[in-house]
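Have a look at the structure below, then the notes.
The values are calculated or read from the model by the stated rules, or taken from the named source; none is laboratory data. Computed from a predicted model, the values in this text were never measured in an experiment. FYI the Cβ positions are ideal-geometry reconstructions off the backbone, even for glycines, and counts take in every protein chain you see.
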Amino acid sequence: MAWLILCAGIGLSVTLGRLFNEWFSLGQAGLAAIQALLVSALVVPAVLLLRRRIDHKSLNGLGLARRSTRPAAIGVAVALATACLVWLPALGAGWLAIENVDLPQLMMFFLVNALLLTFYEALPEEMALRGYAWTTIRESWTPFLSTLVVTALFPLSSAVISIMQTGSALLLGVETSGLALVPPGNDAIAYFLQLIFFGLALAAARRIPVPGALAICIAFHVVQLSINRILLGGFEWFDSGVSAVFVEPDAIALVLVHIMISGIAFLAIRKKMERRSANQA
């Protein structure tokens, strides 16, 4: 149910964003901002309502906690440490070249991009998938089955979002992106592989036994994708401040390596915490 809420929320936010852009000429930056705010406004309260009013269960079970600084720090640390392990050797080997860095522009991009990522993707997606869906299935079955189902749903979201956006656009007389299995400009195989690996890594983060574990997922989601966008130059309307050239085109596959190593790191952290807890018991 939460997955459908997520897909409907994203699809509707795209349609409403385009409608508002027609009315107020928001520009690309304004359009991105209003769509991000709409997604979180539509999805997050609905997921919380579903958990509290329909299921009559605690929000803590979703991986939420009042104090989320520590789990968020774990997500940031893993994303940055594994990025260094992957991309610094690529630089040293000459597979990737950094031609220029505009530090003020980079800092501004990172801030704006982090906010857009948080509200458009990380917060609503993690609340719906690794929060509600993963927790609900785990409570009835097993963590393994929960991870399997949620990871399968993750890459299928794009197709359902496309249906939701097309339907709402036709109803409101707004431009439609058209039905598509994956977002425009993406290779289907590469897209599915990336989201499957990403979903597995996020599920590994969700299983770390700390209060507020969902914050690990959200923080990792934001930082990992931010690194990718910085290396790829940012948006058409907002430069990342980093001029990076993939001298070896196949080095782009290191994006998957970064995700896989991160998943292994999360698994190792969970095992270490579980052993420590067992020894203290």
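Quick notes
- Taking first residues from region 29-44 that are of a type in the set (Gly, Ala, Ser) and partners that are in a helix (DSSP H, G or I), the Cβ contacts under 6 Å between residues at least 6 apart in sequence or on separate chains come to ALA32/LEU116; ALA36/LEU116; ALA36/PHE119; ALA36/TYR120; SER40/PHE119; SER40/LEU123; SER40/PRO124.
- Unique residue being under 21 Å from THR166 (Cβ atoms) and either at pLDDT below 95 or aromatic (Phe, Trp, Tyr) (or both) when the list is TRP3, TRP87: TRP3
- If you go through region 179-238 and keep only what is of a type in the set (A, V, I, L, M), in contact (Cβ under 8 Å) with a residue 60 or more places away in the chain and not in a helix (DSSP H, G or I), you end up with ILE208, VAL210, ALA213.
- Qualifying residue in region 46-66 (condition: charged (D, E, K, R), in a helix (DSSP H, G or I) and touching a residue at least 40 places away in the same chain (Cβ under 8 Å)): yes
- Of residues in region 239-281 being farther than 16 Å from TRP87 by Cβ and among the acidic types (Asp, Glu), the one surrounded by the most Cβ atoms within 10 Å (Cβ to Cβ): ASP239
- Considering residues of region 254-281 that are modelled with pLDDT of 95 or more and of a type in the set (Gly, Ala, Ser) only, the residue farthest from PHE197 (Cα to Cα): ALA268
- The single residue among VAL101, VAL150, VAL78 that is out of contact with any Ser or Thr (no Cβ under 8 Å at 6 or more places or on another chain) and either among the charged types (D, E, K, R) or touching a residue at least 12 places away in the same chain (Cβ under 8 Å) (or both) turns out to be VAL150.
- Condition check for VAL76 on (1) crowded, with 19+ Cβ neighbours inside 10 Å; (2) in contact with a Phe, Trp or Tyr (Cβ under 9 Å, 6 or more places away or on another chain); (3) β-branched (Val, Ile, Thr): one failure, at (1).
- Yes/no for LEU12 being under 23 Å from VAL112 (Cβ atoms) and of a type outside the set (Gly, Ala, Ser): no
- Residues of region 99-116 include none that is modelled with pLDDT of 95 or more, among the charged types (D, E, K, R) and surrounded by 15 or more Cβ atoms within 10 Å (Cβ to Cβ).
- Qualifying position, being modelled with pLDDT of 95 or more, closer than 18 Å to VAL39 by Cβ and either out of contact with any strand residue (DSSP E or B) (no Cβ under 8 Å at 6 or more places or on another chain) or of a type in the set (Gly, Ala, Ser) (or both), among SER177, SER146, SER158: SER158
- Just one residue in the set ALA190, ALA133, ALA213 is in contact with a Lys or Arg (Cβ under 7 Å, 6 or more places away or on another chain) and either farther than 19 Å from ARG51 by Cβ or surrounded by 16 or more Cβ atoms within 10 Å (Cβ to Cβ) (or both); that residue is ALA213.
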